[in-house]
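Notes to accompany the following structure.
The values are calculated or read from the model by the stated rules, or taken from the named source; none is laboratory data. Just so you know, these numbers come straight off a predicted model, no measurement behind them. Cβ placement follows ideal geometry from the backbone for every residue including glycine, while neighbour counts extend to all protein chains displayed.
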């Protein structure tokens, strides 16, 4: 319905040629974050998270094991439509939480129930892979920036100018991360290696062949850090930033300045004084 290519907005723009599409900013943010699925490794990591959450909540017995390992905190399901929850659900796999989740899966993998134990072992191996460890850190780095904006845009009372400033600030921070990708990812990679040490996992790049069609090749990459920076972090930032800019173009952001044409607001901006002065001008 809201697409510029088809639906109600497309039909209305045929008649109102000067109209500008101005969708919900938080919906735009959510859609832009969803574009991280264009990066295959990020999509696979999110899929693994969903499987772990579904596995943990499939029975009371499993649920209890995860709660014990995580200090009484239950795993939340990954929600696609509740936008703040999208952040919280991914961030729960960050840092030491990932170690606790793997410990819970390790306990369950020792159960006599062969089917449940086998599923737990497969999920544990997926979470302890080099690609997942690095990807989860990269996703959390981006979501740490956008989570405050998502909460801010869902407030009951929201000033348009402040919302515009908040959006621009987030875009500015992400652009800065993109410019300083080498140094920023260096810190993220160090964090991933620390988590890997706790899990007794060595982070290493996958085998690279001369011709690759199912994942990024990045053959010239010399080090493991350089490979993952090129294969995960930079594509993730580029995907989110490009989509965010396309959806929130300068034309859309400029629409939020229409409030300056309100007489009352103009009076206060120009320093014309009290409410009485504003009413006289009206």
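Yes/no matrix, rows are residues, columns are (1) surrounded by 14 or more Cβ atoms within 10 Å (Cβ to Cβ); (2) modelled with pLDDT of 85 or more:
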{"site": "191", "(1), (2)": "yes, yes"}
{"site": "199", "(1), (2)": "yes, yes"}
{"site": "202", "(1), (2)": "no, yes"}
{"site": "210", "(1), (2)": "no, no"}
{"site": "227", "(1), (2)": "yes, yes"}
{"site": "238", "(1), (2)": "yes, yes"}
Check: touching a helix residue (DSSP H, G or I) at 6+ places or on another chain (Cβ under 7 Å), over 20 Å from residue 198 (Cα atoms) and modelled with pLDDT under 90: does that describe residue 111?
Finding: no
Check: Out of curiosity, is residue 126 crowded, with 21+ Cβ neighbours inside 10 Å, in a helix (DSSP H, G or I) and at pLDDT 80 or above?
Finding: no
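A quick yes/no check of all residues on (1) under 25 Å from residue 196 (Cα atoms); (2) part of a loop (DSSP other than H, G, I, E, B); (3) at pLDDT below 80:
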{"residue": "61", "(1), (2), (3)": "no, no, no"}
{"residue": "64", "(1), (2), (3)": "no, no, no"}
{"residue": "71", "(1), (2), (3)": "yes, yes, no"}
{"residue": "84", "(1), (2), (3)": "no, no, yes"}
{"residue": "99", "(1), (2), (3)": "yes, no, no"}
